Amino acid sequence: MMRGISGTEVCHHLKSEQQTSHIPIIMLTAKGTENDEIEGLEMGADDYLVKPFKMAILNARVNTLLENRRKIMGYFTNSKTERGLPEVNPAMKKELAFLNELEEHIINHGLTEELSVFDLARQLGYSRTSLYRKIKSLTGLSINAFVRSVRIKKSAELITQGMNVSEAAYAVGFNDLKHFRVCFKKQIGKNPSALKKKQ
């Protein structure tokens, strides 16, 4: 028990703030009634364990949370241009929605012009540091790498729709075609021309 504030209140506060909602929380508590557990989960806890607990169970729960993170990282960095949403626990759906919103924002506002990290953070209501931490925690990427990843995926989509490689590169903000091909091959796993539809 904490002085002046309960664990569920701390959890609710952290999960209510955009800047901290991505932080995984497992509540380890002596409060073991069904109502206590429901309250903890409703406050946003990713999981709830009652003391005494077995370390093997805690390890399994942590591994499940990490696996959810890996699914989200894969969703935003994999090579497929058509992707289904990954299955994640309810607490992570909010973060998935945030990343989808961020991806849409980049596509709508940051493909053809240089997107300042400071401007992006301001437009989304974050400090640069808190946005960096959130994106890094959820995707494993820096802000710039995430933006580049979105641009590459968009270019892959444009190429599969019939646009030629150089047009697709310029359409998503790459001015150096050689650099574009290197980034594309690294992310997608094949050269851009390999995605062109056969006429």
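The values are calculated or read from the model by the stated rules, or taken from the named source; none is laboratory data. Note that this is a predicted model, so its numbers are computed, not measured. Ideal geometry is used to build each Cβ from the backbone, glycine not excepted, and the neighbour counts take in all protein chains shown.
Okay, residues lined up against (1) aliphatic (A, V, I, L, M); (2) at pLDDT 85 or above:
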{"residue": "A91", "(1), (2)": "yes, no"}
{"residue": "E101", "(1), (2)": "no, yes"}
{"residue": "G110", "(1), (2)": "no, no"}
{"residue": "V117", "(1), (2)": "yes, no"}
{"residue": "L158", "(1), (2)": "yes, yes"}
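I143 meets all of the listed conditions (1) in contact (Cβ under 8 Å) with a residue 60 or more places away in the chain; (2) within 21 Å of I72 (Cα to Cα); (3) not polar (S, T, N, Q) but one, namely (1). Residues that are surrounded by 15 or more Cβ atoms within 10 Å (Cβ to Cβ) and hydrophobic (A, V, I, L, M, F, W, C) within segment 166-186 comprise A168, A169, A171, V172, F174, F180, C183, F184, listed in sequence order.
Run down G162, G189 and say which single residue is exposed (fewer than 13 other Cβ atoms within 10 Å of the Cβ) and under 26 Å from N68 (Cα atoms). Outline the logic, then answer.
On the way: G162 fails: under 26 Å from N68 (Cα atoms).
Checking each option against the conditions leaves just G189.
Taking first residues from segment 1-26 that are touching a residue at least 40 places away in the same chain (Cβ under 8 Å) and closer than 22 Å to K136 by Cβ and partners that are charged (D, E, K, R) and surrounded by fewer than 17 Cβ atoms within 10 Å (Cβ to Cβ), the Cβ contacts under 7 Å between residues at least 6 apart in sequence or on separate chains come to S21/K94. With respect to (1) in the same structural domain as I23 (by TED's automatic domain parsing); (2) modelled with pLDDT of 85 or more; (3) surrounded by 13 or more Cβ atoms within 10 Å (Cβ to Cβ), the lone exception for A60 is condition (3).
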